[in-house]
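The values are calculated or read from the model by the stated rules, or taken from the named source; none is laboratory data. Quick caveat: nothing in here was measured; it's all calculated off a predicted structure. Reconstructed Cβ throughout: ideal geometry from the backbone, glycine too, with neighbour counts over all protein chains shown. Ligands, DNA and RNA are stripped out before the accessible areas are found, and what is left, the full protein with its side chains, is counted by its heavy atoms. Shrake-Rupley method; radii C 1.70, N 1.55, O 1.52, S 1.80 Å.
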Amino acid sequence: MTSLRYPVLEPDLGEKEERYVLDAVRSGWVSSIGPYVERFEREFASFVGVEHCVAVANGTVALHLALVARGIGPGDEVIVPDLTFAATAAAVVHAGATPVLVDVRRDDWTIDPELVARAKTPRTRALIPVHLYGCPARMTEIRDAVGPDVFVLEDAAEAHGARDSAGRTVGSIGDAGAFSFYGNKLLTTGEGGALTTRDPEFAARARYLKDHAMSPQARYFHTEAGFNYRLTNLQAALGCAQLESLGGRLAQRARILEWYREALAGSPIELNPAPADRARVCWLTCALLPTSDVDVRDRVAAALRGRGIDTRPFFVPMHRLPPYRECRHITRGGSVAEDLFRRGLSLPTLSKLTRDDVGGIAGALRDAIG
Ligand SMILES: *Cc1c(COP(=O)(O)O)cnc(C)c1O
């Protein structure tokens, strides 16, 4: 939380959230067994359009669990976009595999399928497309680029409800999908996450590993070293309430992005890509400034802060971060991720913004870039 008038995001928590959480508390089911966990898994699977949802403790472990459940480990390469939140690449490292960084496209900010084809080697076992800031990656081209045997794990942490060019909901398109329910995501359980899949065996394996890999037949008999990656019934209660309001929230965030477009029309500022062939959602409103001079970006952020408006820089490209500097990095020449990072600022996108609020913020941004 911040004391600024306009934070970048805040959770939308209402009366239903209070009621469901209170109900979970009063029931005594506060750990990971309880009716809200089962209900949330059922309802979220249906929302995504898959048969199986495995609720977990956060989005990072959803990614890690998926890789481990698929048997990916040392000696394997996993392709990830250079521009993402670092958890995507960290999950690969924690699985013992090697991240391979691939640049993103300028027109949608998601992983470039042509470069994916170039990055693929006989050791490539998985690819994690990220639906960055709510824009679905080019899933059909990505599958064509890697072929049928590579495990495609969608990182849908920022894109609940988005649809690709074939009308498929993210999290249902690849072999599995990973979601985050962190406090600033489109659906929150405080901390939380989920794996979605159509594959019953993969779902069962993930469910087993997330719960200490304890044999269903023999209590306290563990066939391998498992994890405790469970979501609690308390968190799932919040998730059930959040799922009921998600449609309204997505509509409001889409309106906010449209208000920004109207208010910034004719200015040199570019906003989130909106490819006509996909139904993106708006997690965060992102602005690209007309210059790639980071000092300008930081001055603009400071000027807005002085007027009570918070902003966020874009994610630092993975190839610049110490754990990933030595990773293979495939680009077309220059780095698109780097250019987006240098120009990008995320703007307040909290659901309660009005058209006037957005107009005021956009005006302050126009003033700040001069
Ligand atoms: C938030 C996020 C994650 C990680 O989720 P947590 O629940 O915070 O662990 C992973 N990938 C992306 C792209 C994210 O935005």
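Residues are listed down the side, and each one gets a yes or a no for (1) open to solvent by 50 Å² or more (accessible area, probe 1.4 Å); (2) small (G, A, S):
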site	(1), (2)
S165	yes, yes
G174	no, yes
G190	no, yes
F202	no, no
A213	no, yes
Q217	yes, no
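Does region 165-176 contain any residue that is closer than 28 Å to Y133 by Cα, of a type in the set (D, E, K, R) and within 15 Å of the ligand (Cβ to nearest atom)? Checking region 165-176: not a single residue is closer than 28 Å to Y133 by Cα, of a type in the set (D, E, K, R) and within 15 Å of the ligand (Cβ to nearest atom). Cβ-Cβ under 9 Å, sequence separation 6+ or interchain: first residue in region 15-31 and touching a residue at least 12 places away in the same chain (Cβ under 8 Å), partner open to solvent by 70 Å² or more (accessible area, probe 1.4 Å) and not in a helix (DSSP H, G or I). Which pairs? Sorted first by the residue in region 15-31, then by its partner, the pairs are S31/R230. A single entry from C282, C286 fulfils the requirement of being outside any loop (DSSP other than H, G, I, E, B) and open to solvent by less than 30 Å² (accessible area, probe 1.4 Å): C286.
Just one residue in the set D298, D293 is under 24 Å from R105 (Cβ atoms), charged (D, E, K, R) and open to solvent by 30 Å² or more (accessible area, probe 1.4 Å); that residue is D293.
Do we have any residue at all in region 51-60 that's away from the ligand (no atom under 16 Å from the Cβ), modelled with pLDDT of 95 or more and either of a type outside the set (A, V, I, L, M) or open to solvent by 40 Å² or more (accessible area, probe 1.4 Å) (or both)?
Looking only at region 51-60, we keep the residues that are away from the ligand (no atom under 16 Å from the Cβ), and these are 51-52.
Retained after the next criterion (residues that are modelled with pLDDT of 95 or more): 51-52.
Applying the additional criterion that residues be either of a type outside the set (A, V, I, L, M) or open to solvent by 40 Å² or more (accessible area, probe 1.4 Å) (or both) yields 51-52.
The answer is yes; a qualifying residue exists.
Residues that are among the charged types (D, E, K, R) and in contact with a Pro (Cβ under 6 Å, 6 or more places away or on another chain) do not occur anywhere in region 116-132. For region 134-157, the condition holds for no residue, the condition being that it is within 12 Å of the ligand (Cβ to nearest atom) and surrounded by fewer than 24 Cβ atoms within 10 Å (Cβ to Cβ).
Please tell me if A251 is surrounded by 17 or more Cβ atoms within 10 Å (Cβ to Cβ) and either closer than 20 Å to D155 by Cα or at pLDDT 95 or above (or both). Steps first, please.
Working: surrounded by 17 or more Cβ atoms within 10 Å (Cβ to Cβ): no; either closer than 20 Å to D155 by Cα or at pLDDT 95 or above (or both): yes.
So A251 fails the test.
Cβ separations smaller than 7 Å between residues 6+ apart or across chains give the following pairs from region 56-76 residues that are acidic (D, E) to residues that are more than 16 Å from the ligand (Cβ to nearest atom) and open to solvent by less than 20 Å² (accessible area, probe 1.4 Å): D76/A97. Among residues of region 2-48 being in contact with a Gly (Cβ under 8 Å, 6 or more places away or on another chain) and small (G, A, S), the one that is least open to solvent (accessible area, probe 1.4 Å) is A24.
Here T196 does not fit the description of being over 19 Å from R70 (Cβ atoms), touching a residue at least 60 places away in the same chain (Cβ under 8 Å) and not charged (D, E, K, R).
Please determine whether any residue of region 193-208 is within 11 Å of the ligand (Cβ to nearest atom) and closer than 18 Å to A45 by Cβ. Yes; the residues of region 193-208 include at least one that is within 11 Å of the ligand (Cβ to nearest atom) and closer than 18 Å to A45 by Cβ.
Name every residue in region 219-233 that is within 24 Å of the chain's Cα centre (by Cα) and surrounded by fewer than 23 Cβ atoms within 10 Å (Cβ to Cβ), in order of residue number. If you could, list the steps in order and put the result at the bottom.
To start, the set of residues in region 219-233 that are within 24 Å of the chain's Cα centre (by Cα) comprises 227-233.
Once the filter is applied, which keeps residues that are within 24 Å of the chain's Cα centre (by Cα) and surrounded by fewer than 23 Cβ atoms within 10 Å (Cβ to Cβ), region 219-233 yields F227, N228, R230.
Can you tell which of T110, T169, T98 is within 15 Å of L63 (Cα to Cα) and polar (S, T, N, Q)?
On the way: T110 fails: within 15 Å of L63 (Cα to Cα); T169 fails: within 15 Å of L63 (Cα to Cα).
Going through T110, T169, T98 in turn, just one is within 15 Å of L63 (Cα to Cα) and polar (S, T, N, Q): T98.
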